[in-house]
Structure formats: structure tokens, C-alpha cells
Amino acid sequence: MEPMSAAEIRERFQRFFEERGHTRVPSASLLARDDPTLLFVNSGMAPFKRVLTGEEKRDYVRAVNTQVCLRVAGKHNDFEEVGRTPRHNTLFEMLGNWSFGDYFKREAIHWHWQLLTDEFGIEPERLAATVYTDDDDAYAIWANEIGLPPDRIVRWGNIAVGDEKNFWRMGDTGPCGPCSELHFDRGAHLSEGPECIPDHSETCPRWLEVGNLVFMQYDRAADGTLTPLPMQSVDTGTGLERLASVIQDVDSNYRTDLFAPIIERLAEFIGHDPETVEAERFSYQVVADHSRAMTFLLAEGIKPANDGAGYVLRRIIRRAVRHGRLLGINGPFLRETAAVVIDLMGGAYPQLVERREEILNGIAAEEEKFARTLEAGSARLAELVQAGGIISGADAFRLHDTFGFPIDLTIEIAAERGVSVDRAGFDAAMAQQRERSRGEKRRRLELDPEVAALRSEFIGYPNETSADELRVLAVTAGDPSVVVLDRTPFYAEGGGQIGDRGELIGLNGRLRVADTQRTGDAIAHFGEMSGELKVGDVVRAEVDEARRWASARNHTGTHLLHRALRDVLGEQAKQAGSWVGPEGLRFDFPAQAATPREALREVERIVNAQIRRDAPVKPEWMPIEAAQALGADMFFGEKYVPESVRVVQVDGYSKELCGGTHVASTGQIGQLVITGESSIGAGLRRIEAVTGEGASELVADRLAALHAAAQLLGEREETVPQRIEALLARLREAEKAAKAAKASPAAARRLDAAAALHAAREAGNTKVIVESYDDADANALRALADDLRGMTGRFVAVVGAATDGKPALLVAASRDLAAEGFDSGAIVRQAAPIIGGGGGGRADLAQAGGKDASRLDEALREAGRLALEALQRLETS
């Protein structure tokens, strides 16, 4: 019996819940158009956020949907990991059912159990559940009503000490509640010891999470207090790709019918056999994954660009092209894989079919543009590599900025030739460009002098994020629109901390605030206006609490980092600049040399000790003389008003003058992890760090990467470095041996270009070579083409070879012929199917591989005929 297809799983999931009173809701846009905190929808919950918080009412209280999600921006932006593991994808589908104040735990648990065991036929004994530590209600339902044995129900999580397993929250404050996850047992043979239990499924290969039931029953206050919500809701999520891998009994998302046809088409196009596909699995999986993502992004109307969503699309396409190059493809190919995506998913997402040509043409145009980029950038990169040593950050940035050459591609190509790249210098150049852009933005956002002369009162301490009865003092319509209020809880960019985002809501209009800046005494809210706000209107202000609290964690973390750095390195390590945002923090300080790794670890240890101490954070206004007497730090040329300054004290540890927002106690930071230390100029160093959820996710990701490396190497995690060093030593020895072998004339066969020219036929004033060679490979054919270019003028070479039963076909032409319109790539694409393969390339050089060496002579005859026809057309044109 054929396994259930992913399309059938998707449909049966939604039909199951429709039969239980749920309204089927279409997938929302992939762009998070109504959420300023997100670039893309990255979870099934995102489109329902305002419903779950009670801000928005819909005409149903039960919903079911399949939501396309993309995790490539913000904290989920690690392109390089996609394709390496069997479970992670950039684009994925989240199947979900929802209750908005209707049913709760009992129905959610029973229905998901019925769905998995009855509807999809998963064996009950292969399922386990997790619940939050003190969620006795959920535990009792699993144990007493479903009948799960105690050894397959795991209690996990303790938010009081920062362990948020099995507990979900929308932000630092607001709706939250315990979770219950369902995990599929892939077999005891995959267990890695007693720690391999459900809820460790991201690091333990035995367990695969196939469902998450979130029970939103509390409202979390800023101090962590949990109050029962008047409206209890259910939010569930089941990844279609993972569920399909279970039902179709395969060990990877990439082996399901959501990905396998894409990989098969790519292999057919290249001419790879199954063994080669397995050997090149990583690149195949990257191309398959990215083909899905780029197809959906283009269907949204997004165009490749250098910023925002367009930049994400460009990066996805270019990374896929790079992995195509690693697979040996020199010409365009992504139309082929994207077409498979449309065929596979167009039934569920008709916009793919409706915009098919637009999608495929958009991909082809970006591929062509990147091909030119690669050609121009490669020439410059070759010059830099030829010079040897280290490619400077400035040169690497120039490749990126002028040629659009990705830094990861620069690093990879340079490494293949034994040359390193100053990545820190590149990052510094990028940071300087961003600073210039911010300066230009500020100049664009300059206000009318009369507006700038208005006075606004900031009422956002201590972390007040909403306020009513605020009066509009000034409105400037435009792109962006600007609103100035008499009072505001929005923090304006200053002291290194970025400005708040959120909304200003009036009776007849609202402003979606994208940035907050101070100009003179006015606090200006910049953003997109809908409806109309007028001078004199009364509005309500709602700051994005999640961003505000994340910035507050990072700002207090910056103070702790500053003090700890001076404790370790000395008082000379004073702050010379900083940047604080919700994503992380940067801290600049004077130093003549890199900070030793041991010193950074000590700084990190001290900061986290202060966090665990949960010391009170006390802001206080006082005269500057009192602040000086207190010993508060004042630095990098800030001007302070003598009458009143704000001192932020971490009890018993640090004291700094600061106008920013902070947590109430250090324990609310959660954790601080230093992510990097680099030079940003002569005598200046920069430390970058993350806190809170960002820190937890970073640690989890690094542990997962270490675990994956250990699995690949067959080592314990603690011995991975020694094993890698041993492998590198062996690699260096092998490279030496290979170089020695290449130096021997007998080591490689050089095809005789002179003999080929002697046997060539004439077509007008062009030499035409059609020849087959035994025991030669594609490299030898390319070398022959290079030799011919150096020995003759106008020529066309149609040559083939077979090694170990694998045929190769190459068509080359002199560059003057290519400039006149001769297209080697078109000839190869037409002839390659004869040998059971595919290929392509440039007008002056193209090649193909195949599976059927017995038909190589036939392919050569056809390619030769096409070449002569092309020459004849050129002569008569």
C-alpha cells in the first residue's frame, strides 16, 4: 500500500477538525504585514496573535489551518544549518487547531490523540507526552483518560528558575501558559542514554516532536506574577514535514514526498546517480529547501533587493546557486526545481500556479544577475587570492558592496586556495555602513523647526508601555508620517538604546510606529498612518512590550558587562560607545590588543553571577553633585544637566548615569552570552552579546551543533576538538601527497590539443573539432578547451569522454564566436538527454554529465550537427 502523501495528510488534518466544529482558515501571508516585531510569519500563532490577546474578535471561536512559515530572519536566521540536519527547514507548514475561549485541555488532548492514532494510524505505544511540571490537569488527562503509562509522560520545566520547557509565552508580559508536547519514538536503537527522553528531541535522535498543545491560561505581569486569564485558549502546532516523515516512515524531512521530487529532478538535470546524490546530500537538501522558500516569497510579490524581505530572498537564491555550483552546475537550473515546487504545492496554495511564470522568470533573472556577479566578482577575488596571505575586511566588503559577492562565498573560495579572510574586518565595514545609513535616515527624518521646538514628556518609566488620554501636538503626513504627543511612553533612541515601536490609536486613525526619535525637546513617532490623526486628537499609546523588555534586559546586561570588563581588564576599559536593541548588545571600549579568551570567559562568569544574584536595579534622579559623590560612572563625552541626572544602580555592584529602560532586578535578564570580540578601528575593540531568550537559544543551538558534530565523527562531545585536530592533520598530509602527485607528469593525462586541431574540419573560417576520448574525465576536457583557446583563433570543440562508465560531454567555442551569438549551453542542453543527463553553462563553455555511456557517440554526433547549424546561421545572418 502506498504511504499517505503529504497533501493527503494536510487535507485530512483540516477535515478532522472541521468535523469537530472548527472553521477552516486560509494560510495568512508569509510577510508579517500586521506585526511590526516580525519580518515573516514564523509560527502558526503569529497571524492569530491579536485574537489570542483579545484585541481582535473574529466570527468563530474554533479554527483550523495550515500556515506557511519562514524562519530566516530575526533570531531564526541561520541559513548555514539548513540541509545539515534531517529536521530543520527555512520554509515549513504548520498545521494548527485553535480555541479562542471555547474548549480547553481535555478536548485538545483527546482530539490530538485520536488524530495521530486513529486518523493517521500511528501506533499508540510509540507516542509519549510531556507536560509542565505542575500541570496536574494535563497529566491526569494523559494518564487516566488516554491511558498513557507513567514512563511515557514526562514532567518538565520551571519558569521560576528560568527553565521554560513546556511553558509558552507571547512575550515578557501578556498571555502565556503550560504546554503539552507529543513525541514519536523512532526506536530504542537511536537512544543515546538516560538523557535521551521526550522534550530532548532536538538533540536526541530517538524522539521526534510531532505536536505541541499550548494552553493559554495566565496573564504574566512584568514581575513574573501569573494571573488567570478570563478567556482561556488553545494554540496547537504540528509541523507537516515532521509528521509526514513519521507517517511515510522515513528518517528525514528531506526524504518525504515534499522534498524528494525536487531532489530527484535536480539529480536528473545534473545526471547524478543515487550514490552521488547521497554523497552530495547536503547541497541537494539546501537547494531543495531554498527552492521552496524562494518560490513562496516570489509568489508574495517580493523581489530580490538589498534590504528587508528582498534581501532575504536574494540571499536564499544566491546560496542555492552556490550549492548548485558545488554540485557542478555552471548554468541556470533553479527554474527546474521551482517548477517542481509549484507542481507539488500548487493544489494547496493556488497563488503558486497563478503566478507561475512570474515566479520562474523572477528566479531566472536573479540567477542571471548572480552569474554576472560571480563572473565579475570571481575575477577580482582571483586577484586577491593570487596575492596570498589574508584578504582584508575592506576588500571582502568591496566584493560584497560592489559585486554583491556574499561573504560566505568569498570565505569558501579563498579557503579552497589556502587563503583566509578577515571576517572581523568585514563585519566592522558592514557596521560602519549601517552607521552611515542610520545617519542618513536621521537626516531624512529631520522635523520642521516649529515642530522640533515642541516639548514632549516621557512617561515610560519604569517600563510603562501603554497610556491613555495623550494629546496630539503635531502631525506630519508622508512616508513616514510623524506624530508628536504632549506625553508618551515610547522611548526615543538615545544613550545607545534604539527607539520603541508600537501603535498610537485614535478614534479616527492610528499610527503604526516603526521608530521613535528625540528632536530637540520633541519626541517624534515615525511610522505608517492609517485613517487620520489631527492636532488636538486624544490617542492611546501601546508600546511593543516584547521589544521593550528585550531591550531592557540587554541594557541592564550592558551595565553589568561594563563593570565586569573593568574588574577584569582594569579601569581603562571604559565605555566608548554602545548599541542596545531587542536582538542583542554591542559594547565598545579602548584597547590595543584583542581581549584574551580567558578574560572574556571571566567577564561572562562575573556577569552571570550577578544575574543569578537577582540584585535589585534601582533608577534614581539626583543632582549631578550627588551622582559624583556616589561614584556613578560618566563617560564618552555625554552632556549632563547639573540640576538632575538619572543614576541606575545594580545594588552593590554598578552605578551609571543612564536614561534608558532597565529590568527591575538582574535575575530578569536570565543569562548573558558573549558572542564575539573584534577590532573596530585603531585602539578600539567591540564586544557583542545576547541575553534572555537569545542567550538560551544560542547555547541550545551551539550544543546541538556540537552534538551533531559528535554524531558525525562518532565521538563523545568532549573529545570532538581532539578528533577534528586529528582529522585536519590527516587532511594536511593528504593534501601534501596530492600536490606531490600532481607534480608528476604521469599523474594526469593531458589531451593533445595540437592533434585535435590537426584533425579538425573547416566550416568557413572556423575550425570544428568533434572527438571522443577514452579514459578521460570532465577536467581533462576542460583543460583541452583551455589549450585550444591558447593555440588557435575561431574554433568550436564538441568533445566527449567516459570514465568508469560515466559519460561527459563538453562544447566550447572561441569567445569571438560566443560574442556573435554562438551558444554552447543551448547545444549541451539539447544533446545531454541522449546520455541520460543534463547540464548547461556559458555561451563559450558548457558541459553535461550522464548515465548512459553507450550513447556518447550519438550525443557527440547530435551536438556536432547542432554546432554546424549554429555556425551556418551566423554566416548567413
Seminar exercise, completed: Considering segment 126-166, residues that are modelled with pLDDT of 90 or more and under 23 Å from Ile669 (Cα atoms), and then whichever is most open to solvent (accessible area, probe 1.4 Å), we arrive at Thr133
Exercise. Before we move on, is Ala802 touching a Phe, Trp or Tyr at 6+ places or on another chain (Cβ under 9 Å) and assigned to a strand (DSSP E or B)?
Worked result: yes
Problem set entry | Residues of segment 504-523 that turn out to be open to solvent by less than 40 Å² (accessible area, probe 1.4 Å) and within 32 Å of the chain's Cα centre (by Cα), as a count | 6
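Mind telling me which of the residues Leu374, Leu399, Leu381 ends up being in contact with a Ser or Thr (Cβ under 6 Å, 6 or more places away or on another chain), closer than 28 Å to Leu334 by Cβ, part of a helix (DSSP H, G or I) and modelled with pLDDT under 90?
Going through Leu374, Leu399, Leu381 in turn, the sole match is Leu399.
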Exercise. When the residues of segment 518-566 are filtered to those that are on the phi > 0 side of the Ramachandran plot and in a loop (DSSP other than H, G, I, E, B), which remaining residue is modelled with the highest pLDDT?
Worked result: Gly536
Exercise. Among the candidates Ala424, Ala452, which residue alone is more than 20 Å from Leu326 (Cβ to Cβ) and modelled with pLDDT of 85 or more?
Worked result: Ala424
Exercise. Taking segment 837-851, which residues are over 18 Å from Arg815 (Cβ atoms) and surrounded by fewer than 18 Cβ atoms within 10 Å (Cβ to Cβ)?
Worked result: Lys851
For this session: Only one of these is touching a strand residue (DSSP E or B) at 6+ places or on another chain (Cβ under 8 Å) and open to solvent by 10 Å² or more (accessible area, probe 1.4 Å): Asn330, Asn306. Name it.
Result: Asn330
Exercise. Residues Arg325, Arg319, Arg314: which one is in contact with a His (Cβ under 7 Å, 6 or more places away or on another chain), modelled with pLDDT under 90 and over 23 Å from Gln67 (Cβ atoms)?
Worked result: Arg319
Exercise. Which one is most open to solvent (accessible area, probe 1.4 Å) among residues in segment 38-67 that are in a helix (DSSP H, G or I) and without any contact (Cβ under 8 Å) to a residue 24 or more places away in the chain?
Worked result: Arg50
For this session: Kindly indicate the residue of segment 697-742 that is closer than 30 Å to Thr666 by Cα and either free of Cβ contacts under 8 Å to residues at least 40 places away in the same chain or among the acidic types (Asp, Glu) (or both) and also most open to solvent (accessible area, probe 1.4 Å) among those meeting that condition.
Result: Arg702
Problem set entry | Residues (touching a helix residue (DSSP H, G or I) at 6+ places or on another chain (Cβ under 7 Å) and surrounded by 17 or more Cβ atoms within 10 Å (Cβ to Cβ)) located in segment 100-114 | Phe100, Lys105, Ile109, Trp113
Exercise. Any idea how many residues of segment 483-503 are farther than 27 Å from Val647 by Cβ, within 29 Å of the chain's Cα centre (by Cα) and assigned to a strand (DSSP E or B)?
Worked result: 2
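With the condition being farther than 30 Å from Asp544 by Cα and within 32 Å of the chain's Cα centre (by Cα), I'd like the strands (runs of 3 or more DSSP E) fully within segment 582-673 carrying at least 2 qualifying residues.
Ranges flagged: none.
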Exercise. Since Val650 meets every condition but one in (1) touching a His at 6+ places or on another chain (Cβ under 8 Å); (2) among the β-branched types (Val, Ile, Thr); (3) more than 22 Å from Tyr491 (Cβ to Cβ), which condition does it not meet?
Worked result: (3)
Exercise. Hey, among the residues in segment 223-246 that are buried (at least 22 other Cβ atoms within 10 Å of the Cβ) and among the hydrophobic types (A, V, I, L, M, F, W, C), which one's farthest from Thr337 (Cα to Cα)?
Worked result: Val234
Seminar exercise, completed: Residue hits (segment 473-492; open to solvent by 50 Å² or more (accessible area, probe 1.4 Å) and touching a Lys or Arg at 6+ places or on another chain (Cβ under 7 Å)) are none
For this session: Filter segment 286-303 for residues that are open to solvent by 20 Å² or more (accessible area, probe 1.4 Å) and without any contact (Cβ under 8 Å) to a residue 60 or more places away in the chain and give the result.
Result: Gly301, Lys303
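The values are calculated or read from the model by the stated rules, or taken from the named source; none is laboratory data. Model, not experiment: these values are computed from the prediction. Heads up, the Cβs are rebuilt from the backbone with ideal geometry, glycines too, and the neighbour counts pull from every protein chain shown. For the accessible areas, the whole protein counts, side chains as well, though only heavy atoms, and no ligand, DNA or RNA atoms are used. Shrake-Rupley method; radii C 1.70, N 1.55, O 1.52, S 1.80 Å.
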